């Protein structure tokens, strides 16, 4: 006896869905086994509001997830290796690191980040890594103003400046974590594209956040379809167009004010301009040097010394080796070693002796 027509069609649909789910599960397993793509997203409890003035920060003494990796913080909310660093409190000096997600080092074990490498290079100094995902120069200034007066043990300050430090899009995402507030991207806007427009819808943005923190298959397909590294470079390049430099000028002005405040305290500042992967891959592109040229001109005009990190990367190696898989700006362990070498050399030349 044949089942009713409606029942047969329902069974066919359910069977087809089960086959699709099975294929999707197999594809997810394959991507996890054979691809180096990293999960994105962060535990919501990693962040706290108003940690330094109006700036968000990392929650103190927490164990959380970031880019698929377990991360740990100390009593200040600064990233440390698992178990902390025994004896840190007895060290006579300290180095304060200012930074955003690049300084935080997502998807890389803490001892392999440039902060962890500096800890090994300067064992007599405590490493305060105040980097927080989404930070901008205003946040760096808030950390300096709030943290330094209470910590005279700080002997030097390091700032790794990223080319997108003049924007606040990631800060808006963290505000959503903390306050449940959706801040839509302005549409239309000079840099608006289909991806940014879709992100302005809360439901789609939440779905993207959910998938990017759980499915490597989703990220693999997305990276391959969108060409993430080149797309992100093209987006950040818009900040450096002649008619759109106001955000960059404000950001660099904030950095200059930080440098002046540190100079008054007699503290050296090691300022490193961090490149995008595209710049290492396509140095022949005439537009590739525009961000560093503008930032360098503004910093030099303010009397602030800086290090352009681009020449330190080996041109004989693939640019992608220095960054996380399909990532436009976050370093792999190899990239962190390059930045650590630059910083260690500058700190030593500033008088902070290595043992």
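For residue 39, the requirement of being part of a loop (DSSP other than H, G, I, E, B) and either at pLDDT 75 or above or surrounded by 16 or more Cβ atoms within 10 Å (Cβ to Cβ) (or both) is met. Here the condition is being modelled with pLDDT of 95 or more and either surrounded by fewer than 16 Cβ atoms within 10 Å (Cβ to Cβ) or touching a strand residue (DSSP E or B) at 6+ places or on another chain (Cβ under 6 Å) (or both); of 306, 278, it holds for 306 alone. Checked against the criterion of being buried (at least 21 other Cβ atoms within 10 Å of the Cβ), closer than 27 Å to residue 345 by Cβ and modelled with pLDDT of 95 or more, region 55-77 contains not a single residue that satisfies it.
Considering every residue within region 93-107, establish whether at least one is part of a loop (DSSP other than H, G, I, E, B), in contact with a helix residue (DSSP H, G or I) (Cβ under 7 Å, 6 or more places away or on another chain) and either surrounded by fewer than 22 Cβ atoms within 10 Å (Cβ to Cβ) or at pLDDT 95 or above (or both). Looking for residues that are part of a loop (DSSP other than H, G, I, E, B), in contact with a helix residue (DSSP H, G or I) (Cβ under 7 Å, 6 or more places away or on another chain) and either surrounded by fewer than 22 Cβ atoms within 10 Å (Cβ to Cβ) or at pLDDT 95 or above (or both), one finds at least one in region 93-107, hence yes.
Find the residue count for region 42-86, including only residues that are over 22 Å from residue 136 (Cβ atoms), part of a loop (DSSP other than H, G, I, E, B) and over 17 Å from the mean Cα position of the chain (by Cα). So the answer is 10.
Within region 129-159, being within 22 Å of residue 309 (Cα to Cα) and under 17 Å from the mean Cα position of the chain (by Cα) holds for 129, 130, 131, 132, 133, 134, 135, 136, 137, 140, 158, 159. Residues in region 123-135 that are in contact with a helix residue (DSSP H, G or I) (Cβ under 7 Å, 6 or more places away or on another chain) and either surrounded by 24 or more Cβ atoms within 10 Å (Cβ to Cβ) or modelled with pLDDT of 95 or more (or both): 126, 127, 129, 130, 131, 132. Checking region 17-28 against the condition returns no match, with no residue being under 23 Å from the mean Cα position of the chain (by Cα) and surrounded by fewer than 22 Cβ atoms within 10 Å (Cβ to Cβ).
Answer with yes or no whether residue 45 is farther than 20 Å from residue 333 by Cα and either surrounded by fewer than 22 Cβ atoms within 10 Å (Cβ to Cβ) or at pLDDT below 95 (or both). Answer is yes for this residue. Evaluation of residue 315 against the conditions (1) modelled with pLDDT under 95; (2) within 21 Å of the chain's Cα centre (by Cα) shows that the sole unmet condition is (2).
Do we have residue 347 as over 19 Å from the mean Cα position of the chain (by Cα), farther than 26 Å from residue 111 by Cβ and at pLDDT 95 or above here? Considered against the rule, which asks whether it is over 19 Å from the mean Cα position of the chain (by Cα), farther than 26 Å from residue 111 by Cβ and at pLDDT 95 or above, residue 347 comes out as no.
The values are calculated or read from the model by the stated rules, or taken from the named source; none is laboratory data. The model shown is predicted, which means the values in this text are computed figures rather than measured ones. Note that we place each Cβ from the backbone using ideal geometry, even for glycine, and neighbour counts take in every protein chain shown.
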